[in-house]
Amino acid sequence: MTWVRWQESPWGQRVLLGLSWDWLWVAAGAGALAIVVHALLRLRQRGTTAAATPLPAGAALPVALPARILRHTPASRLLHWLMAVSMLALLGTAFLPILGLKFAWVDAHWIAGLVLTAALAFHILHGSFWKGLRLMWIGAEDVRIGAETLRDLLHPAAPPPRRTGKNPLENKLFHHAVALATLAATVTGLVMLAKVSTPWWSRNPYLLSESAWGLVYLVHGAGSVALVALVLVHLYMALRPDKGWITLSMLRGWIPRERYLERYDSERWPPVALAAPSARLARGGADAVPAPSAGEARAELGRRIDAVEEAYEFMLAYAAQGLSGGEEDGSASQIRTQLATAEQALGVIPALLRQVLAETGAPRPAGDRGAQGQAFVGVLEQDAAKALAALRLVLAQPAISSQLVDNLNAMIHLRALLTDLFLIDETLRPHHGRDEG
C-alpha cells in the first residue's frame with residue numbers, strides 16, 4: 001500500500017500528486033468494520049438491558065405531551081436531503097471512474113460541488129444564528145452520559161444510561177467528524193475549480209505551483225475518502241430497524257411521544273415551549289413548539305402536580321409489596337413508568353409556576369403576592385433538583401425493588417418537594433385571596 005501518489009515533473013523533480021487511492025479501500029474497510037462491531041455489540045446487548053426506560057404496552061402516558069414531538073423543521077429536513085443527494089453525487093462521480101466505470105463525470109462533479117457548497121453555507125448560517133451553536137456544543141454532561149452509553153454497550157450488566165438531550169454525544173461527535181471531512185473536501189474543491197472551465201470562468205491551472213496543487217489534492221482526497229467511511233456508517237445507522245423512527249423523523253419532522261419519553265430528558269430537550277425558560281428555547285430555535293396560552297399553562301401546571309402526586313401514591317403502594325424488581329407482574333413493570341412520569345413532570349413544574357405567576361390575570365392576595373410567589377419558585381427549584389437526582393439514581397438501577405422505593409419514599413428531599421407542591425396547588429386555587437361574604 002502506498003500513502004500518497006507522486007509524479008515526476010518535466011525537470012526531473014518529484015512532485016506530490018495527491019492521496020493514494022489505496023486509502024479508498026482502507027476507508028471502506030474501516031466503515032464495514034465499524035458496522036460489524038456495532039452490530040455484534042447490539043446483538044449481545046439485546047435482551048440483557050434497556051438503553052432507555054421504555055413504557056410498557058398499554059401504560060398510561062405522562063399528561064400534556066403532544067402525541068407528535070417536533071424534531072426537525074421543514075428547513076432542516078430540506079437542507080439535509082439536499083446535502084445528502086449532492087454528497088452522494090460527488091462521491092459517485094469522484095470514485096466510480098477510479099474504480100473503472102468511465103463516464104463524463106467532470107461537469108456533474110463540479111455542479112454537485114457548488115450545490116453542496118451553497119447548502120453548507122446555509123447550514124452554517126442557519127445553525128449559528130437560528131438554531132444556536134449550543135445545540136451541537138459538547139459539554140461535560142454530554143461526556144458523562146456518553147460514557148454511560150458506552151458502558152451500557154460494552155457491558156450488558158451495566159445500569160442503563162440517563163436520558164439525553166436532542167443530540168447525544170455520539171451524534172455530536174459524528175456530526176463534527178462529517179463537518180471536518182466535508183469542509184476539507186469543499187474548501188479544496190472550490191480551489192480546484194480554477195482548473196475547470198465553466199460558463200462563468202476559464203480554467204487557470206497555473207493559479208498555484210505544482211507542489212501547492214499537490215497539497216490541495218492531498219487534503220481533498222483525505223476529506224473525500226473519510227466521507228466514504230462516514231457515509232457507510234451513517235447509512236447503516238439510518239437503516240437499522242430499531243432506529244427507523246429516527247430516520248422517519250427526517251422525512252416527516254416528528255417523533256412519537258412514546259419514543260421521546262423513552263430516550264430524552266425534558267430539561268435538556270424541552271418538548272414544548274412552556275417546558276423551559278425562554279433562554280433555553282431561544283437556543284432551540286424554530287424546533288420549539290409555540291407556547292400555550294396563559295390558561296393552558298395554569299391547567300398544565302395542575303396536571304403536572306397531579307402526575308407527581310399520583311406517582312407518589314403508586315410508590316407508597318409498591319413499597320409495601322415486597323417485590324425484588326425482577327418480577328414480570330404489573331407492579332414491577334409499572335414502577336419505571338411512574339418514576340419516569342414524575343421525572344418528566346418535575347423537569348417542567350418550576351418553569352410552569354414562573355409563567356403562571358407572571359400572568360397578568362393570576363390571582364394575587366394582599367401584599368406583593370407575585371414577588372413572594374416568584375421567590376418561592378427558587379425554593380421549589382432546589383427541592384425539585386434534589387428529588388430529581390434521587391429519582392434518576394433509582395431509574396438507573398437494573399432492578400427497582402420495593403425496598404429501594406421505600407427508601408426513596410422516606411427521603412426528606414422528596415417529602416419537602418411534595419409539601420411544596422401541596423402548598424402551590426392550594427395557593428393557586430381561585431378562592432384564595434378573596435374576601436368572604
Of residues in segment 141-181 being of a type in the set (Asp, Glu) and under 22 Å from Ala39 (Cα atoms), the one modelled with the lowest pLDDT
Asp152
Looking only at segment 344-365, and only at residues there that are of a type in the set (S, T, N, Q) and surrounded by 15 or more Cβ atoms within 10 Å (Cβ to Cβ), the one that is modelled with the lowest pLDDT
Gln355
Is at least one residue of segment 87-97 surrounded by 18 or more Cβ atoms within 10 Å (Cβ to Cβ), out of contact with any strand residue (DSSP E or B) (no Cβ under 6 Å at 6 or more places or on another chain) and among the β-branched types (Val, Ile, Thr)?
yes
In this structure, does Pro241 turn out to be closer than 24 Å to Leu88 by Cα and not hydrophobic (A, V, I, L, M, F, W, C)?
yes
Just need a number here: residues in segment 133-178 that are of a type in the set (Ser, Thr, Tyr) and assigned to a helix (DSSP H, G or I).
1
For segment 252-288, give me each residue that is at pLDDT 50 or above and touching a Gly at 6+ places or on another chain (Cβ under 9 Å).
Tyr264, Asp265, Ser266, Glu267, Arg268, Trp269, Pro270
Being under 26 Å from Ser324 (Cα atoms), within 34 Å of the chain's Cα centre (by Cα), surrounded by fewer than 19 Cβ atoms within 10 Å (Cβ to Cβ) and small (Gly, Ala, Ser) is the filter here, so list the residues in segment 393-429 that pass it.
Ala396, Ala399
List pairs: first in segment 101-119 and surrounded by 12 or more Cβ atoms within 10 Å (Cβ to Cβ), second of a type outside the set (Phe, Trp, Tyr) and not in a helix (DSSP H, G or I), Cβ under 6 Å, 6+ apart or cross-chain?
Trp105/Pro97; Trp110/Val196
Sole miss for Ala297 among (1) modelled with pLDDT of 65 or more; (2) outside any helix (DSSP H, G or I) is condition (2)
Could you tell me which of the residues Asp435, Asp368 is outside the structural domain of Phe314 (by TED's automatic domain parsing) and at pLDDT below 85?
Asp435
3 or more residues buried (at least 19 other Cβ atoms within 10 Å of the Cβ) and touching a residue at least 24 places away in the same chain (Cβ under 8 Å): qualifying helices (runs of 4 or more DSSP H) within segment 179-279:
210-239, 257-263
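The values are calculated or read from the model by the stated rules, or taken from the named source; none is laboratory data. No experiment lies behind these values; they were computed from the predicted model shown. So basically every Cβ, Gly included, is an ideal-geometry build from the backbone, and we count neighbours across all protein chains shown.
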